[in-house]
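S.K.: Sharing a structure with you now.
Read-outs throughout are calculated quantities, based only on the coordinates presented, and are distinct from any laboratory measurement. All figures in this text were calculated on a predicted structure; none of them were measured in a lab. Positions of Cβ are backbone-derived with ideal geometry, glycine not excepted, and every protein chain shown enters the neighbour counts.
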Amino acid sequence: MAEPPPGPSAADGMPPGLPRVLAVATITIGLTMSVLSNSMTNLALPYIAHDLGITAESSIWIVNATQIALIICLLPVAALADIVGYRHVYRFGLVLFSLASIGCAVAPSLGWLLVGRTLQGLGGAAIMSVQPALVRAIYPRAQLGRGLGFNTTVVATSLAAGPSIGAALLSITSWPILFAVYVPLGIVSFVLSERYLPHTTHTHRPFDFISAVLSGATFGLLIFGIDGVAHGHRLVVVVAEFATAAILGTVFVLRQRGLADPMMPIDVFRRPIFSLSISASTCTFTAQGLAFVSLPFFFHTVLGRDATDTGILLTAWPLALACVAPIAGRLADRHHPGLLGAIGLAGMTAGLVLTALLPPDPSSADIMWRLVLCGAGFGIFASPNNRLMMNAVPRERSGSAGGIIATARTLGQTMGAALVAVVFGLFDFSGGGAAEAAQAAIWLGAGFAATALVIGSLRLRH
């Protein structure tokens, strides 16, 4: 193990006071940038398509490029962070994300913009993969739930505020500002990180490039396969993508078992707490993805709500999540996180079931209290669940564990969005079956939440 360089260190968290506050501030800024980059970009796609003279279908790749780069790079970057240090990888991510944002802001063509967005995804992977590890280094073990709960609040608040911030910026000027705004934020976070982010010990081992390629190819093909199912690509192509992903994934796992220092520590999955928690997390984010993608169509197409009303209604979920997550994090430091998670998942499942059972012409209040129940349930689950996963792995593998957690989240959200497209196709959404299609998607989300509840409840035995 290498000795950390002089400067702030964190054997069991940083002491309370201004240094810890500013250390939290720098990772909060980075996490906010990463989350906002997609939620604000989604809003600007029609404007970008018009200015660059591209089709709406082509503009979707502006979002897909970042998501694909993110999920391909999360595990390799997290493993690299265990080797070179979480602080250095985080700061590299800030620099790359900021430079890529400049490239996006001045992009004269779709190709240029896709390159910038891909680099943003790589920078975002460096920022997001080390977040749990940095939280573990900043907060004492007894307050880890509090720190992870605050992180969950930041994500939820950023998701809720993204469309509003994007709309406000677009009302002032054109879409490049949605990328340029990250540059000053990146500079502030980088300056703070130089002085206040703690140095951590890191392991001496070579970086496994073969595992990185296998991991990236596996998740890349998996995402392309999911996207192919959602958009009705040729069956032979989709099957080939899934089959190749399965083969490469098997080779990747077998390789990890034979390595003394694997990129993805397979042995942590032998710990029931970790494997059950990561499975529940994936199911929960799939349920959330199903709801977040299907509900806007339901509100607008079925209920006839305009964009403003739809935005207000959808905000109920992330705002409830943002309010509850820090409280759940503090409770997880004192009470059984598995029990808290089960309570949260029960609430989320009930909220989705009640949303699927909405009357034909519901009031805004009828809708919002159901979504508040979903968001509060998710918040009660998320922070304790992350605490369980991080405490289930050795401190020197915090980076790899963070990469696995971020990969599960991204994969779940992607599967949720793809399943919505599949359901809408089965029910002929554009041909008059909008209500049935949206309701089916929400029921499917409730099913995934219920599955997470069953899996998560098994942790109470351990």
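S.K.: From the Cα gyration tensor of the range 187-243, with a ≥ b ≥ c the square roots of its eigenvalues, which class applies: rounded if a/c is under 1.5, or else prolate if a/b is larger than b/c, or else oblate?
M.R.: On the way: a/c = 6.00, a/b = 2.11, b/c = 2.85.
Oblate, since a/c reaches 1.5 and b/c is not below a/b.
S.K.: Next question, about the same structure. Assign one of three labels to the range 195-334, namely rounded, prolate or oblate, based on the Cα gyration tensor with a ≥ b ≥ c the square roots of its eigenvalues; rounded applies when a/c is under 1.5, prolate when it is not and a/b is larger than b/c, and oblate otherwise.
M.R.: Oblate, since a/c reaches 1.5 and b/c is not below a/b.
S.K.: Would you mind calculating the gained length between Ile327 and Ala260 on full extension (0.36 nm times residue separation, minus the Cα-Cα distance), in nm to one decimal? Intermediate results must be reported in sequence, preceding the final value.
M.R.: On the way: separation 67, 0.36 × 67 = 24.12 nm, distance 3.91 nm.
That pair, Ile327 and Ala260, stretches by 20.2 nm at full extension.
S.K.: Would you calculate the separation in nanometres between label points at Val191 and Asp306, each defined as 7 Å from the Cα along the Cα-to-beta-carbon direction?
M.R.: 4.2 nm
S.K.: Among Cys374, Cys283, which comes first, then next, by fewest other beta-carbon atoms within 10 Å?
M.R.: Placing the least packed residue first, the sequence is Cys283, Cys374.
S.K.: Among Gly344, Ser58, Gly216, flag the residue with its Cα farthest along the positive direction of the charge dipole of the chain, charges on Cβ as +1 for Lys/Arg and -1 for Asp/Glu.
M.R.: Final value for the positive-end residue is Gly344.
S.K.: Quick one: which residues, 5+ away or cross-chain, put their amide H under 5 Å from the amide H of Trp175? H built at 1.01 Å from N.
M.R.: none
S.K.: Do you know the relative contact order of the chain, to the nearest whole percent, from alpha carbon pairs under 8 angstrom that are 6+ apart?
M.R.: Once normalised by length, the contact order is 24 percent.
S.K.: Another question, then. If each residue's Cβ is checked for other Cβ atoms within 10 Å, how do His336, His199, His204 rank with the fewest at the top?
M.R.: So the residues, fewest neighbours to most, are His204, His336, His199.
S.K.: Name the residues of the range 153-190 whose amide N is less than 18 Å from a point 7 angstrom out from the Cα of Ala25 along the C-beta direction?
M.R.: Counting backbone N atoms under 18 Å from the label point, the list is 154, 183-190.
S.K.: Ok, one more. State the answer as a single residue: which of Gly232, Val251, Pro206 lies farthest towards the positive end of the charge dipole of the range 206-292, with beta carbon charges of +1 for Lys and Arg and -1 for Asp and Glu, about the Cα centre.
M.R.: So the residue we want is Val251.
S.K.: I would also like to ask the following. So if R0 is 41 Å, what FRET efficiency would Phe269 and Ile177 give, r being the distance between their Cβ atoms, rounded to the nearest 0.05?
M.R.: In this case the efficiency is close to 0.40.
S.K.: Starting from the Cα-Cα distance between Ala435 and Asp366, subtract it from 0.36 nm times their residue separation and give me the gain in nm to one decimal.
M.R.: Length gained between Ala435 and Asp366: 23.1 nm.
S.K.: Could you give the size of the charge dipole of the range 307-462 about its Cα centre, using +1 on the Cβ of each K and R and -1 on the Cβ of each D and E, expressed in debye and rounded to the nearest 20?
M.R.: Roughly 900 debye, rounded to the nearest 20.
S.K.: Restricting attention to the range 281-346, which trypsin sites (Lys or Arg not before Pro) occupy a DSSP loop and are surrounded by at most 12 other Cβ atoms within 10 Å?
M.R.: In loop regions of the range 281-346 (DSSP not H, G, I, E or B), the sparsely surrounded trypsin sites (Lys or Arg not before Pro) are Arg334.
S.K.: Okay, moving on. Let me see the pair-distance distribution of the range 1-207: every alpha carbon pair, 5 Å bin width, integer percents in order.
M.R.: 1, 8, 15, 19, 19, 14, 10, 7, 4, 2, 1
S.K.: Based on the Cβ-Cβ distance of Ala167 and Arg141, what FRET efficiency does E = 1/(1 + (r/R0)^6) give at R0 = 41 Å, to the nearest 0.05? Please list the in-between numbers first.
M.R.: Values: r = 42 Å, r/R0 = 1.01.
That gives a FRET efficiency of 0.50.
S.K.: Can you put Ser193, Ser457 in order of Cβ neighbours within 10 angstrom, beginning with the fewest?
M.R.: With the sparsest Cβ surroundings first, the list reads Ser457, Ser193.
S.K.: Hey, got the dipole for the chain? About the Cα centre, +1 on K and R Cβ, -1 on D and E Cβ, debye to the nearest 20?
M.R.: The dipole of the chain has a size of about 1360 debye.
S.K.: Got the relative contact order for the range 209-258 handy, in percent, Cα pairs under 8 Å and 6 or more residues apart? Intermediate results must be reported in sequence, preceding the final value.
M.R.: Values: 35 pairs, mean separation 25.2, N = 50.
Taking the mean separation of contacting Cα pairs over the length of the range 209-258, I get 50 percent.
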